[in-house]
Amino acid sequence: MGYCELQVTSNFSFLRGASHPEELVEQAAAFGYSKIAITDVNTMAGIVRAHSEARKFDISIIPACKLELLDGPSLLAYPTDKEAYGRLSALLSMGNFRAEKGKCYLYVKDVEEYKKGIIFIAIAPDALSNVFDFEANFATQLQNYKALFGKKLYLGVNRSYHGQDQKRVFRLDQLSKKIGIPLVATNDVYYHQPQRRELQDILTCVREKCTIQNAGFRLKMNAERHLKSIEEMQRLFRPYPDAIEKTLEIAALCKFSLDTLEYVYPEEILSSDRGPQEELEYLTWKGAEEIFGLPLPEKVINNINYEMKFVKEMNYASYFLTVYDIVKFARNQKILCQGRGSAANSTICYCLGITSVDPTKFDLLFERFISSARNEPPDIDVDFEHERREEVIQYIYNKYGRDRAAIVATVTQLHQKGALRDVGKAMGLSTDTIDRLSASVWKFSKEWFEGERITEQGLNAQDPLLLKVLDLTQQMMGFPRQLGQHTGGFVITRGKLTDLCPIFHARMENRTNIEWNKDDIDALGFLKIDVLALGMLTCIRKGFDLAKKHYDLDLTLASINKEDDPKVYEMISHADTIGVFQIESRAQQQMLPRLRPKCFYDLVIEVAIVRPGPIQGDMVHPYLKRRNGEEPVEYPSKELEEILGKTLGVPLFQEQAMKIAIVAAGFTPTEADELRRSMATFKMHGMVTKFEEKLVNGMTKKGYTEDFARRVFRQLEGFGSYGFPESHAASFALLVYVSCWLKCYYPDVFVCAILNSMPMGFYQPAQLVIDAKNHGVEVREIDVNISEWNNILQEKSGKYHALRLGFRQISGLREDDMIALVNGRGNGYLNIHSLLDAGVSMGALEKLADADCFRSIKLDRRQALWEVSALKDRPIALFEGQVSESETEKQIQLPLLSKSEHVVQDYASTSLSLKAHPVSLVREKLQMFNVKSSKEIGETENGKLVKVSGLVLVRQRPGTARGVCFITIEDETGFSNLVVFEKIFDKYRKEILHSRLLMVEGKLQREGEVVHVIVQKCFDFTKLLKRLTAKNDDQLPLLTLARGDEKTAPNPENKRTQLRETARNEIFSNGRNFK
């Protein structure tokens, strides 16, 4: 006699289960189970992960769930076949649609409606009443269930190991016999091993919003909710052998497997009588003729014929037509879009207008996109303008219906900081202790706490409570916390989506999602279309509109990319790339003067080379040396010369790595694709490493050196973190060139467009405005009589149009208020009263005054705030038109704000200032420390010891940099790049992570145009910024800038006598951390 566990709660019952589905399956396999059920609460979000893990072992999964009902005892539901699974999925979807996201409202009558083919187990209450029996209504409800579900109903019994355990099991046996419902044994599993009990308690505390000290009876009373062996379950239920046998009976009846789910692609609505394949061929050849003219190039004809053979064989014509239809809709609506990713390897996609990479100019690898060697759906990614993508999404919903189209889910996982905060609160740590610990963690990194890190924060590294918090945090990291929505991956089906998976409402209006993420649907072979958002496309489209309006230019992506412009490449070579697409980061800016791109393909290489793959594989320096003639271009063999010719014998792209595996190591195309998949997705599971021996042995047998083979493998490992195919780099390079062209010839248009497209990119508005001014663009302040909601270009001032900043730059302003302001402006406002009459709210007026927007009516920010506060006693209703009390007050001469106070308030309200740079205001003090400006640093000799200081913009600590941290700081003269090695980072960690104004001392290193400072010492000079205001008190949030736990400003004062304190805790940015 065996046993099957039928009640298993994974961590996809958020804040309940304390083990991953994979851990539960692995443990069940170790115990010798042949089948187990996953029964998460009102969801099936975790069953695919369990199913995928079960494939690795000789075990199968029963997809099931626990239905928590609003008007009856909970039920475990097990679909016996595919149709029953579809009904259970539809039932859950109905409950999801009734409730807000994260909840599911179900009633007994709903279950009755969808009951066909589903087996149910009723769950009994945990405890008996004072008379050692269940409440009378439980028996009544069971009888009702019996009437509804008949022989499909069982009664669950489990051992809870408390004082009433024997009595409770006896009462359940009595009820079972009395009502005629068979008893079935379960263990009500919440975790795979007893050691997880502590974590399960923490999850309960987080869910119940209490601490471990006061959780009391809300916690499970022992560690018995772990998965037990078959022998142990048989021992526990020896007096009730039938209860064990019934588990096998139910398991035998549940024949449904997720492998039997069939994804059927929808028949595309065709424009003629042609079938999908004929329609695709017609549109492809028609598009090819329009693009290339007649006669078609032989390469294009061969490519199309070759690809069409695969498309026909795999029956993917409808998929291509759907993507074509979506792109056609976007183009008709004048929404800028471009396909990217592996789809750019397809000539068909190019001819249909989905992608922009010309197949005649690139040696594309169609197998990277789709091949019959693997039964895997293609994946076409299309980028749309981020501000107009919603139009495309709603078009898809409207065309296919919400019952057939939905967005894929994402599983929001707990990272270090989130897990630390949850565990810390549950364990009773004070908020300031949690904040200190959290602040010392490098954002998004995998590093863990060491004793000195804790001591550095003033805490005891040997404190048992603290060590337990850290241990539990480590266990909790990677736990799912909620289902979110994918950035734009759509699943579209021919039949109802609920036949495949439950659906739920996203928090965003008019969005519905399936419960599975992209890895889940990949595992089951579902097709996905990625409708993605790209801020740079919005920026470019707005730039084209501005160029048409102010320069009468009709620009398109294709017209700009028609030919290479030496002037644009010259700008790129000098790393003058702030704000442009992809090549604006510190690492890219360091590479550009070394690589010195001269043509489009150089940009393709530039986009791909600063990535973990080439860096980790030691490919960057060999390529640069060969490009600059410092070492000869050599090829390991003639066969590899064809693959590596364009990259001077150095593999830089994912396609090249695949081709090397096939040609040089004897991999089959299927194995090469497995290798590619392991590079791109499954690095964390160590799948790349299993190919190492095969790759190295295969290459050495063919005469390649082991050193070269291992370098190729290290590059493949790098792709495990971030694979970059050539086609993807080429798609991005098109946009890189367009953004650089705009910046080079029309910096006024570029800065206006990018500010109107924020947030996006590496840099804040302050840096973009400073850069525009450096390029000769006049930038004008926000004004109530001139500005619009968006930033606008005005008349020419010198070579370019002047940029007038818009109201959108002011933090906290609503667009509706500003539309009322602009519509009521007429010939201009003469006083603040008229703005109130125009319908502008008091809150908006205060924010406008804070941002110093009343200069055109001769009021500075302090006078304007005084006037705004006086409006509050303006007579209304019956007293409207009478004299206000404030008009009879004697006139008060307000003290003028200093320049530094203006700058601080500018940053508080708009995150930038046109009056001065904050560092310029403390330059005099910095000179006392012999601190140089960024401009002076650029003119200093190589190897000199220097001091430099600035506001921290970006910190980057890539995994490929061996612990090195790269920091960019900014002062009034420009940027300085700092390199902090691991030992120095560890020593000055607090200063590096916490400073707004950072001063460093180190050795200047110059390599051509690339200048950086190798840091030796770091100092936090943030306190210098406190002297920028009249209040010489660094405890105000205005001045400390980093008090994450402070919610209100101390000592609030009369707004009519003091400049209003900002509610924001940070004025000058603490910088942005990148991995």
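The values are calculated or read from the model by the stated rules, or taken from the named source; none is laboratory data. Only a predicted model underlies this, so the values are computations on that prediction, with no experimental measurement involved. Every residue, glycine as well, gets a Cβ built from its backbone with ideal geometry; the counts of neighbours run over all protein chains shown.
What residue, among those in region 43-72 that are part of a helix (DSSP H, G or I) and aliphatic (A, V, I, L, M), is nearest to GLU112 (Cα to Cα)?
ILE47
Which ones in region 494-503 are closer than 10 Å to VAL264 by Cβ and buried (at least 23 other Cβ atoms within 10 Å of the Cβ)? Explain how you work it out, then say what you get.
Step one: filter region 494-503 for residues closer than 10 Å to VAL264 by Cβ, giving 494-495, 499-500.
Passing the criteria: only LEU500.
Does ASP837 fit the bill of being more than 30 Å from the chain's Cα centre (by Cα) and of a type in the set (Asp, Glu)?
So ASP837 fits the description; yes.
With region 448-543 as the region, which strands (runs of 3 or more DSSP E) entirely inside it contain at least 3 residues that are more than 19 Å from GLY86 (Cβ to Cβ) and touching a His at 6+ places or on another chain (Cβ under 9 Å)?
528-534
Report yes if TYR988 is without any contact (Cβ under 8 Å) to a residue 40 or more places away in the chain, within 25 Å of LEU1028 (Cβ to Cβ) and of a type in the set (Ser, Thr, Tyr), otherwise no.
yes
Counting only residues that are under 20 Å from LEU500 (Cβ atoms) and among the aromatic types (Phe, Trp, Tyr), which one in region 377-430 is surrounded by the most Cβ atoms within 10 Å (Cβ to Cβ)?
If we take residues in region 377-430 being under 20 Å from LEU500 (Cβ atoms) and among the aromatic types (Phe, Trp, Tyr), then TYR400 is surrounded by the most Cβ atoms within 10 Å (Cβ to Cβ).
Filter region 30-75 down to residues that are in contact with a strand residue (DSSP E or B) (Cβ under 8 Å, 6 or more places away or on another chain) and under 21 Å from THR412 (Cβ atoms), then give me how many there are.
11
Please indicate, with yes or no, whether at least one residue in region 906-914 is closer than 30 Å to GLU781 by Cα, touching a strand residue (DSSP E or B) at 6+ places or on another chain (Cβ under 7 Å) and among the hydrophobic types (A, V, I, L, M, F, W, C).
Looking for residues that are closer than 30 Å to GLU781 by Cα, touching a strand residue (DSSP E or B) at 6+ places or on another chain (Cβ under 7 Å) and among the hydrophobic types (A, V, I, L, M, F, W, C), one finds at least one in region 906-914, hence yes.
So PHE57 fits all but one of (1) closer than 18 Å to PRO502 by Cβ; (2) of a type in the set (A, V, I, L, M, F, W, C); (3) surrounded by fewer than 23 Cβ atoms within 10 Å (Cβ to Cβ); what number is the exception?
(1) is the only condition that PHE57 fails.
May I ask you to say which residue of ILE583, ILE572, ILE605 is closer than 30 Å to VAL964 by Cβ, modelled with pLDDT of 90 or more and not polar (S, T, N, Q)?
ILE572
Identify all residues within region 76-89 that are in contact with a strand residue (DSSP E or B) (Cβ under 9 Å, 6 or more places away or on another chain) and either more than 11 Å from CYS254 (Cα to Cα) or assigned to a loop (DSSP other than H, G, I, E, B) (or both); write none if there are none.
Result: LEU76, THR80, GLY86, ARG87, LEU88, SER89.
Looking at (1) more than 25 Å from GLU584 (Cα to Cα); (2) in contact (Cβ under 8 Å) with a residue 12 or more places away in the chain, which one does GLU795 not meet, given that it meets all the others?
For GLU795, the exception is condition (2).
For region 626-640, which residues satisfy the criterion of being at pLDDT below 85, surrounded by fewer than 18 Cβ atoms within 10 Å (Cβ to Cβ) and part of a helix (DSSP H, G or I)?
LYS638, GLU639
Taking the stated definitions as given, is ALA766 more than 20 Å from ILE540 (Cβ to Cβ), touching a residue at least 24 places away in the same chain (Cβ under 8 Å) and either crowded, with 16+ Cβ neighbours inside 10 Å or in contact with a His (Cβ under 8 Å, 6 or more places away or on another chain) (or both)?
Yes: the conditions hold for ALA766.
Filter region 241-275 for residues that are over 37 Å from the mean Cα position of the chain (by Cα) and buried (at least 19 other Cβ atoms within 10 Å of the Cβ); which is nearest to PHE526 (Cα to Cα)?
At the first step, the residues of region 241-275 found to be over 37 Å from the mean Cα position of the chain (by Cα) are 241-255, 271-275.
Then drop every residue that is not buried (at least 19 other Cβ atoms within 10 Å of the Cβ), which leaves 243-244, 246-247, 250-251, 254.
Working: ALA243: 39, ILE244: 37, LYS246: 35, THR247: 32, ILE250: 29, ALA251: 27, CYS254: 23 Å.
Looking at the filtered set, the residue picked out is CYS254.
Could you tell me which of the residues LEU603, LEU592 is under 30 Å from VAL980 (Cβ atoms), under 31 Å from the mean Cα position of the chain (by Cα) and without any contact (Cβ under 8 Å) to a residue 60 or more places away in the chain?
Selected residue: LEU592, the only one of LEU603, LEU592 that is under 30 Å from VAL980 (Cβ atoms), under 31 Å from the mean Cα position of the chain (by Cα) and without any contact (Cβ under 8 Å) to a residue 60 or more places away in the chain.
Quick one: what pairs do we get from region 827-838, first residue in the same structural domain as LYS858 (by TED's automatic domain parsing) and at pLDDT 80 or above, second assigned to a loop (DSSP other than H, G, I, E, B) and among the hydroxyl-bearing types (Ser, Thr, Tyr), C-beta under 8 Å, 6+ apart or different chains?
Matching pairs, first to second residue: LEU835/TYR829; ALA838/TYR829.
Within region 458-473, how many residues turn out to be surrounded by 16 or more Cβ atoms within 10 Å (Cβ to Cβ) and either touching a Lys or Arg at 6+ places or on another chain (Cβ under 6 Å) or modelled with pLDDT of 80 or more (or both)?
Residues flagged as surrounded by 16 or more Cβ atoms within 10 Å (Cβ to Cβ) and either touching a Lys or Arg at 6+ places or on another chain (Cβ under 6 Å) or modelled with pLDDT of 80 or more (or both) within region 458-473 amount to 5.
Can you find a residue in region 651-673 that is modelled with pLDDT of 80 or more, surrounded by fewer than 18 Cβ atoms within 10 Å (Cβ to Cβ) and in a loop (DSSP other than H, G, I, E, B)?
There is at least one residue in region 651-673 that is modelled with pLDDT of 80 or more, surrounded by fewer than 18 Cβ atoms within 10 Å (Cβ to Cβ) and in a loop (DSSP other than H, G, I, E, B).
Looking at GLU313 and the list (1) under 32 Å from the mean Cα position of the chain (by Cα); (2) touching a residue at least 40 places away in the same chain (Cβ under 8 Å); (3) surrounded by fewer than 16 Cβ atoms within 10 Å (Cβ to Cβ), which single condition is not satisfied?
For GLU313, the failing item is (1).
Quick one: which of GLY776, GLY761 is within 30 Å of LYS562 (Cβ to Cβ), modelled with pLDDT of 90 or more and either surrounded by fewer than 24 Cβ atoms within 10 Å (Cβ to Cβ) or within 24 Å of the chain's Cα centre (by Cα) (or both)?
GLY776
Taking the condition at pLDDT 90 or above and hydrophobic (A, V, I, L, M, F, W, C), does VAL169 pass?
Answer is yes for this residue.
Got a sec? Which helices (runs of 4 or more DSSP H) wholly within region 98-214 have at least 3 residues that are surrounded by fewer than 16 Cβ atoms within 10 Å (Cβ to Cβ)? So that I can check it myself, show each step before the final result.
Numbers: elements: 108-113, 136-149, 165-179, 197-208.
In region 98-214, 108-113, 136-149, 165-179 are the helices (runs of 4 or more DSSP H) which contain 3 or more residues that are surrounded by fewer than 16 Cβ atoms within 10 Å (Cβ to Cβ).
Looking at region 318-335, which of the residues that are in a helix (DSSP H, G or I) and among the polar types (S, T, N, Q) is nearest to VAL264 (Cα to Cα)?
Filtering region 318-335 for residues in a helix (DSSP H, G or I) gives 318-332.
After this cut, where a residue has to be among the polar types (S, T, N, Q) as well, the list is 318, 322, 332.
Numbers: SER318: 11, THR322: 14, ASN332: 29 Å.
Across region 318-335, the extreme among qualifying residues is SER318.
Can you find a residue that is outside any helix (DSSP H, G or I) and either surrounded by fewer than 19 Cβ atoms within 10 Å (Cβ to Cβ) or among the hydroxyl-bearing types (Ser, Thr, Tyr) (or both) anywhere in region 276-291?
Checking region 276-291: not a single residue is outside any helix (DSSP H, G or I) and either surrounded by fewer than 19 Cβ atoms within 10 Å (Cβ to Cβ) or among the hydroxyl-bearing types (Ser, Thr, Tyr) (or both).
Can you tell me which condition SER739 does not meet? The list is (1) surrounded by fewer than 21 Cβ atoms within 10 Å (Cβ to Cβ); (2) among the polar types (S, T, N, Q); (3) out of contact with any strand residue (DSSP E or B) (no Cβ under 9 Å at 6 or more places or on another chain), and all the others hold.
With respect to (1) surrounded by fewer than 21 Cβ atoms within 10 Å (Cβ to Cβ); (2) among the polar types (S, T, N, Q); (3) out of contact with any strand residue (DSSP E or B) (no Cβ under 9 Å at 6 or more places or on another chain), SER739 is out only on (1).
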